Amino acid sequence: MERTFIAVKPDGIQRGLCGEIIKRFEQRGFRLVACKMIQASEEHMKTHYADLKETPFYGGLCKYMASGPILAMVWEGRSIVKLARMMLGETNPAESKPGSIRGDLCIDIGRNVIHGSDTVENAKREIDLWFKADEMLDYAPCAQAWLYE
Ligand code: DAT
Ligand code: MG
């Protein structure tokens with residue numbers, strides 16, 4: 001099973017969108033492995049977004065992400081990295097299709113409510129950055145046999 005790092009960003013918390021976002025991952029059949037509310041430091045966000053450090057929006061992005069609490073989560077399921085990115089929509093909500101999280105819930109690229117890892121490799125790096133091993137819980141959801149053949 002594959003894992004990915006998902007976070008409801010500070011705007012998503014302020015706008016009361018956690019329930020709606022969690023609901024979509026639950027209903028798809030993914031398993032919640034870890035979840036915590038956390039206000040990250042700007043330094044932590046700079047590490048998280050290190051691959052964007054040459055972009056003009058890096059400073060503002062890290063400030064915004066550290067400006068309030070976020071809901072950090074690890075979700076698990078078959079091909080979840082790719083499927084979660086499809087559920088998120090495009091980076092720019094204006095280019096995201098209705099039915100996607102960003103296409104349904106937000107407008108501005110700088111306030112796009114949710115983060116999701118873009119590759120399996122980055123998912124591993126981000127999960128390690130945000131969670132300790134003992135924060136990730138192992139349990140067997142009862143519907144597993146009805147989700148996977
Ligand atoms: P994503 O979050 O879809 O993986 P990304 O990793 O390229 O997108 O960028 C991280 C975040 O930075 C993104 O969610 C919103 C912000 N961002 C990206 N491109 C931007 C731009 N051109 N102007 C302002 N903010 C941008
Ligand atoms: Mg990204």
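Values for this structure:
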item	result
Residue check, ILE127 of a type outside the set (Lys, Arg) and under 25 Å from TRP146 (Cβ atoms)	no
Which numbered condition TYR148 misses (of (1) closer than 15 Å to ALA7 by Cα; (2) exposed (fewer than 12 other Cβ atoms within 10 Å of the Cβ); (3) in contact with a Lys or Arg (Cβ under 8 Å, 6 or more places away or on another chain))	(1)
Test result for ASP138, near ligand 1 (Cβ under 9 Å from one of its atoms), over 16 Å from the mean Cα position of the chain (by Cα) and either within 13 Å of VAL33 (Cβ to Cβ) or open to solvent by 20 Å² or more (accessible area, probe 1.4 Å) (or both)	no
Where SER79 falls short, out of the listed (1) over 12 Å from the mean Cα position of the chain (by Cα); (2) open to solvent by 60 Å² or more (accessible area, probe 1.4 Å)	(2)
Helices (runs of 4 or more DSSP H) enclosed by the stretch 31-116 - at least 1 residues per element that are among the aromatic types (Phe, Trp, Tyr), touching a Pro at 6+ places or on another chain (Cβ under 9 Å) and within 16 Å of ligand 2 (Cβ to nearest atom)	58-65
Enumeration of residues in the stretch 5-32 that are more than 16 Å from ILE101 (Cα to Cα) and within 13 Å of the chain's Cα centre (by Cα)	LEU32
Subset of the stretch 61-81 [within 13 Å of ligand 1 (Cβ to nearest atom) and closer than 18 Å to ILE22 by Cα]	ILE70, VAL81
Selection within the stretch 1-29 - under 23 Å from GLU121 (Cβ atoms) and open to solvent by 20 Å² or more (accessible area, probe 1.4 Å)	MET1, GLU2, ARG3, ARG28
Check on PRO93, within 15 Å of ligand 1 (Cβ to nearest atom) and on the phi < 0 side of the Ramachandran plot	yes
Hey, THR55 surrounded by 14 or more Cβ atoms within 10 Å (Cβ to Cβ) and polar (S, T, N, Q) or not	no
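The values are calculated or read from the model by the stated rules, or taken from the named source; none is laboratory data. These numbers were taken from a predicted model, which means no experiment stands behind them. Cβ: placed from backbone, ideal geometry, glycine included. Neighbour counts: every protein chain shown. Note: areas computed on protein heavy atoms with side chains; ligands, DNA, RNA excluded. Shrake-Rupley method; radii C 1.70, N 1.55, O 1.52, S 1.80 Å.
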